[in-house]
Structure formats: C-alpha cells, structure tokens
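Let me begin by presenting the structure, written as structure tokens, before commenting on it.
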Amino acid sequence: MTISLPVTVSPRLSKKASRHLKERFIEFLLFGAAAISVFTTVAIVYVLVKESWNFFQHVPLSDFLFDTQWTPLFDDAHYGIMVLLSGTLTSSAVALVIAIPLGTIIAIYLSEFASFRVREIAKPFLELLGGVPTIVYGYFALTLLTPVLQILFPDLPGFSLLSAGLVMGIMIIPYVSSLSEDAMRAVPMSLREGSYAMGATRFQTAVKVVMPAATSGIASAYILGISRAVGETMILAVAAGMQPNLTFNPTEPGATITSYIVQVALGDLPHGSIGYQTIFAAGLTLMLMTLVFNLIGAWLRKKYREVY
Amino acid sequence: MLKPVTLVTPVTASAPGDDVAPVLKAEVKALDFYYGSFHALKGVNMPVYDRKVTSLIGPSGCGKSTLLRCFNRMHDLYPGNRYAGGGIVLQPDNTNLLSDDVDPIEVRMRISMVFQKPNPFPKTIFENVAYSLRVRGMRNKSELEDRVQSALKGAALWNEVKDRLGELGANLSGGQQQRLCIARALASDPELILFDEPTSALDPIATASIEELVMELKERVSILIVTHNMQQAARISDYAGYMYMGELIEFGVTDQIFIKPQKKATEDYITGRFG
Ligand SMILES: Nc1ncnc2c1ncn2[C@@H]1O[C@H](COP(=O)(O)OP(=O)(O)OP(=O)(O)O)[C@@H](O)[C@H]1O
Ligand SMILES: [Mg+2]
C-alpha cells in the first residue's frame, strides 16, 4: 500500500521563504492597525499633558485642587476644579442610582427569567435606547422630564443636575444591562443545575449563584456605566444649566467638567489664553478619573476571573 | 405535602444478602419521556429501594441520565421536555412526583443530586455546603456550622478542609470538589441522592474514595447511580438495571444481573460482546 499525500502538500519539503513573507506581511498589517490606536492615545495624552503643563505654569496646582470657585473667565479668576467635579459627581451619582439597579434587574430578568421570545423582542428595544443620540435625551430632560419633576417639586429650577442625571441614567441602562446579561448568560448551565438540584428557586439561583459567578463581567458593566456617566456631555450641557456651582444637591443647576469643556470650546476665547487652557486641565482630570475606573475594573476582573 | 395518587404496586424483588424484604423508596411506573419529539424513555418500570444502592448501566445514549434526571424534575428547567405518561411514585407519600400539581422544588429538596463534573458554586467551602440549608431559610449560625461540619464528615472531607472553610471551593482538587458536591447534597438530609457518573472525571484513587463513600452513605440514604464502569456497578450496587434505547431491558439484584442475566442483550453488554 502506498501512502498518498494530501494534494496541497508537495512531496518534498520546500524552503519556508514564500509562506514566511506572506505571514510577515499579514503580521505587519495587523500591527499597523493596533499601532494606530496606540498612537492616537499617546498623542491625546501628549497634547493634554503639554497644554495642562502650560496651564499649571500660571495656576498653582493647590489652587486648582482646593479653590472653591471656578470663574476662569472673570477678571478675578478662580480655578477650583472641585466646582466642576461636584457637578460631574452629583449628576453621575443620580444617573447610577437609576442605571445600576435597573440595568441589573433587567439583566437578571433577561438572562434567567425571560423566555426566548421575550428576550428576542426586548433586546432590540434596549439597544435602541442606547442608540438614541444624547442630544435627544438632553432635550427630553429639558422639555419633558423637568416640567414633570416641577409638578412634584415646585421649587425645582428649569435646569437641574437631577433632571439631567435621571435621563442620563436611562441612557446608561442598556450599557449596564447588556454587558451584565452577557456575563450572566456565560455562566455554565451546570452551575445553575447544581443550584436547582439543591432545591433553590429561580430567583435564589440567579442571585446566589449566577450573579456571583458573573461578578467580573457585571463589575465591567458597572465600570462602563460609570465611565459613560462621567464622560457624558450633551445631556448635561442642555439640561443641567452650565453655571459652575459647588454643590452636591441634585436639585440645583450645575456645570460638569464635560459641559464646561463644550462651553469653552464653542465660545470665542483666543487659543493659548489661560481661559482656553483650562479645558485641557479639565480634560486631563476627566481622563485621570476614567483611567482610575478602568484600573479598578481591570483589578476586579482579575480578582474574580474564572470563578467557575 | 405531595398529594397521593392511585398507582400502587406490591414489592416484588428480594433483598440481596439478607432475608428482610427491601422497602420501596420510589417506583418508576410505565414512564414515557420526550425531548421535543424524541422518545427518550419508553415505558420504563423500575423500583428504587430504601437505603440501597441501585445502579443504572447501559451503552452511551440509552437514556440513563434522562431517567435519573426525571427523579428530581431536572427536565422541567428546559422548554420542550415532556413527561408523557406513567410516573415515579415516591414513598412513603405514595405520590407521583412527576404529577403537574407537585412542586418540583419540593421534590428537589427531598431528592438531591451529584453531577458528572464537579460543579462547586463560586463560594467558599463553607457556603457551598451551607447552600442547600440557606435556600431553605436556615439562618442560625451555630446550627449551620453543625450541619456543615456533619455533612463534610459524612462526605469524608472534613479532615482535609476543616482549616480552610473560608477558601473558594474551586481551589480544591477534582476529587475533593466532588466530595464537596456530595457534602452539599447531604447537608439538607435528602431521602434519595442521584449520582450521574460521579467518578468519570476522577483518577482511580479519588474514584475509590467516592465509591467507599457511596457504600457508607447507604446506611442513611437511598442511592441511584448511573455508571459506565461495570466493575463499579458490581462493587457498589445492591440492585442494577440495564437500559438500552430508552427501555429498561432487565432489572434485578446486582449479583444476579452480573452472574446470571436473564436476557441475552444484558449478558452481551456485560461480557463486552455488545455492538
Ligand atoms: N436535551 C436533549 N434534547 C434532545 N435529545 C436529548 C437531550 N438530551 C439527551 N438527548 C438524547 O436522549 C438520549 C438519551 O440521552 P441520555 O443523556 O439520557 O443518555 P445516557 O444513557 O445518559 O448516555 P451517556 O452514557 O453518554 O451519558 C440520547 O439519544 C440523547 O441524544
Ligand atoms: Mg449520561
């Protein structure tokens, strides 16, 4: 009996050169694609740091961190980032109080309770919610939600962190729910069966077994939600009123880091002036915050990886 | 409480080794089961005796797991599965546990299960074992501690883990994980434990310790075990059933099934002349 070789293999081993060249080329393309994103990130950080550096030549870091006023455009200029930070944190907190519980509940429902049919209908709607342009949410907050809230709280001003934050929460729900649901659905069926076999109910199984097993994915979903909240711009620019206001009271108007940046970027401040450079310092602050959240997320993922 | 139904049969088979007639724990009666349109169990009749080990053997795909999973209503978890006739009468209730008006959760609280692949929860060793108690609403800390300890002792795992109860269950070795799953199943004092090839993912030493454990457990609980390992079935079970293509071909005292099978098909399978 003769041994026949598969047709694609030549009977004699050839030099590896040609295949090698092709693979090198593919590798180069892939590397190029990866390099573009790395380069962009580095360039952004470079610009932010450089412009912020110029800014901090004029404004001491201690003023930036501890001053309680933010009036860069006034004659008596103050640069207390705390003021913008309070707006960002307050509106984000309102948004997350809505988005995290609701997003989690929706994820539990879709992953553990909903029938195939319900899931197939509900998911596109949720995705649609995430695809609505944020400017539309902003006007929704301003023209619909705020008047309704004013019926409940007559003292609520026309612009408020509350109204913007609530709408922002609705916008973030699909980010939280979709990632959490993916994480929960990835939990192997054998783990659920183990729980049911012990006499657990569906709800007990979802909360006591599936969620703990999906911790790392759910944490990622929350971190993404937080990052979206902190970085959201248009809703706040439209509905929260852009007055810098050191407050943690959501029923007041306020400016956030992001809404301040659009305000200045759209204004007619001369490039290179200190007033203009404030947006780079503010941007750097925002980026550092997001970086911290991402690091926390990476740490959580590592800590809870492969629990099943 | 499970409601009584009218299916009753007298006890027929005789006990191995002793003269005392075995007591019925459950009885499968004319059971039909479908996965969608696939007829997976065809008119199965089989007793399970109290505090005895009953094994199910047969070629891959013959329906052993399917039959086992009827006992704790695991099939209810998936749409399309259908109990299509007959039932499983649980004693002493004398109730068909597959009946529509029986709560599957109540069935699972009394009939526990150990799976083929160890599947500890992403929790500590202690919480893994306490799970079946917690889902029943037990809160008292010292009571939980006592029950967890005695379940771990019952599963011959206590000495290995008593100093590391706070560690994740997944940190244990495969054999230890399987014994953890047995402890988990034992903690709530079930009447019947179902084992689906519990040693097929384990090495010979871990397998031997699980086998020893199963034989100890039958002092206090009825056991139904699916196995591919003929020697294992012969070593540990009191009764054995041979299944083929969704039917129970032969059932009897293990020694008799292995030494003097009544049916040619059973003999062929046991002596390896199958297929
Ligand atoms: N979820 C399912 N849907 C459809 N058919 C199934 C399903 N599960 C099992 N079956 C079929 O039912 C039959 C019995 O399966 P079962 O798992 O009970 O076999 P088994 O005897 O346990 O086999 P093994 O020894 O390989 O575990 C097989 O033909 C299998 O293909
Ligand atoms: Mg099986």
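List of remarks:
- The range B:250-267, residues that are under 22 Å from B:Ala40 (Cα atoms) and free of Cβ contacts under 8 Å to residues at least 24 places away in the same chain: B:Glu250, B:Lys263, B:Ala265
- Among the residues of the range B:182-200, those that are within 17 Å of B:Tyr131 (Cβ to Cβ) and more than 13 Å from the chain's Cα centre (by Cα) comprise B:Ala183, B:Arg184, B:Ala187, B:Ser188, B:Asp189.
- One residue from A:Thr134, A:Thr104 being open to solvent by less than 50 Å² (accessible area, probe 1.4 Å), away from chain B (no Cβ under 14 Å), under 18 Å from the mean Cα position of the chain (by Cα) and under 30 Å from A:Pro212 (Cα atoms): A:Thr104
- Restricting the range B:193-211 to residues that are open to solvent by 10 Å² or more (accessible area, probe 1.4 Å) and among the β-branched types (Val, Ile, Thr), the residue that is nearest to the other protein chains (Cβ to nearest Cβ): B:Thr199
- Scanning the range A:190-203 for residues that are farther than 20 Å from B:Asp189 by Cα and within 7 Å of another protein chain (Cβ to nearest Cβ) turns up A:Ser190, A:Leu191.
- Of all residues in the range A:78-89, those that are without any contact (Cβ under 8 Å) to a residue 24 or more places away in the chain have Cβ atoms under 9 Å from Cβ atoms of residues that are assigned to a helix (DSSP H, G or I), 6 or more apart or on another chain, in A:His78/A:Asp63.
- B:Ser112 being away from ligand 1 (no atom under 16 Å from the Cβ), within 14 Å of chain A (Cβ to nearest Cβ) and either in a strand (DSSP E or B) or within 18 Å of the chain's Cα centre (by Cα) (or both): yes
- Only one of A:Ile151, A:Ile170 that is assigned to a helix (DSSP H, G or I) and in contact (Cβ under 8 Å) with a residue 24 or more places away in the chain: A:Ile170
- Condition check for B:Phe121: within 13 Å of chain A (Cβ to nearest Cβ), open to solvent by less than 10 Å² (accessible area, probe 1.4 Å) and either under 16 Å from the mean Cα position of the chain (by Cα) or within 16 Å of ligand 2 (Cβ to nearest atom) (or both): no
- Residue count, the range B:67-83 (criterion: touching a residue at least 40 places away in the same chain (Cβ under 8 Å) and either within 8 Å of ligand 1 (Cβ to nearest atom) or among the polar types (S, T, N, Q) (or both)): 6
- Test: B:Pro190 is closer than 30 Å to B:Leu24 by Cβ, in contact (Cβ under 8 Å) with a residue 40 or more places away in the chain and open to solvent by less than 10 Å² (accessible area, probe 1.4 Å): no
- Counting residues in the range B:226-237 that are closer than 28 Å to B:Glu267 by Cα, more than 14 Å from the chain's Cα centre (by Cα), assigned to a loop (DSSP other than H, G, I, E, B) and in contact (Cβ under 8 Å) with a residue 40 or more places away in the chain gives one or more.
- Here B:Asn229 fulfils each of the conditions (1) within 16 Å of ligand 2 (Cβ to nearest atom); (2) at pLDDT 90 or above apart from (2).
- Taking residues in the range B:196-208 that are assigned to a loop (DSSP other than H, G, I, E, B), and partners anywhere that are of a type in the set (Asp, Glu), the pairs with Cβ atoms closer than 8 Å and at least 6 places apart or on different chains are B:Thr199/B:Glu211.
- Evaluated against (1) farther than 14 Å from B:Asp196 by Cα; (2) surrounded by fewer than 23 Cβ atoms within 10 Å (Cβ to Cβ); (3) touching a strand residue (DSSP E or B) at 6+ places or on another chain (Cβ under 8 Å), B:Leu90 falls short on exactly one condition, (2).
- Selection status of B:Ala265, open to solvent by 30 Å² or more (accessible area, probe 1.4 Å), under 30 Å from B:Asp32 (Cβ atoms), small (Gly, Ala, Ser) and away from chain A (no Cβ under 14 Å): yes
- Inclusion of A:Val187 among residues that are within 14 Å of chain B (Cβ to nearest Cβ), in a helix (DSSP H, G or I) and closer than 28 Å to B:Gly80 by Cα is not warranted.
- Scope the range B:137-168; condition within 14 Å of chain A (Cβ to nearest Cβ) and surrounded by 11 or more Cβ atoms within 10 Å (Cβ to Cβ); matching residues: B:Met138, B:Arg147, B:Val148, B:Ala151, B:Glu167, B:Leu168
- Criterion (within 16 Å of ligand 2 (Cβ to nearest atom), farther than 16 Å from B:Val253 by Cα and modelled with pLDDT of 90 or more) met by exactly one of B:Val44, B:Val28, B:Val102, B:Val89: B:Val44
- Taken over the range B:61-102, the criterion of being at the interface with another protein chain (Cβ under 10 Å from one of its Cβ atoms) and acidic (Asp, Glu) is satisfied by B:Asp76 alone.
- Residue count for the range A:133-164 under the criterion of being out of contact with any helix residue (DSSP H, G or I) (no Cβ under 8 Å at 6 or more places or on another chain) and of a type in the set (Phe, Trp, Tyr): the result is 1.
- For the range A:80-115, a residue qualifies if it is hydroxyl-bearing (Ser, Thr, Tyr) and either assigned to a loop (DSSP other than H, G, I, E, B) or not assigned by TED's automatic domain parsing to the domain that holds A:Phe280 (or both), and exactly one does: A:Ser115.
- One residue alone among B:Asn171, B:Asn128 is of a type in the set (S, T, N, Q) and either away from chain A (no Cβ under 14 Å) or open to solvent by less than 10 Å² (accessible area, probe 1.4 Å) (or both), and that residue is B:Asn128.
The values are calculated or read from the model by the stated rules, or taken from the named source; none is laboratory data. No experiment lies behind these values; they were computed from the predicted model shown. Ideal geometry is used to build each Cβ from the backbone, glycine not excepted, and the neighbour counts take in all protein chains shown. Ligands, DNA and RNA are stripped out before the accessible areas are found, and what is left, the full protein with its side chains, is counted by its heavy atoms. Shrake-Rupley method; radii C 1.70, N 1.55, O 1.52, S 1.80 Å.
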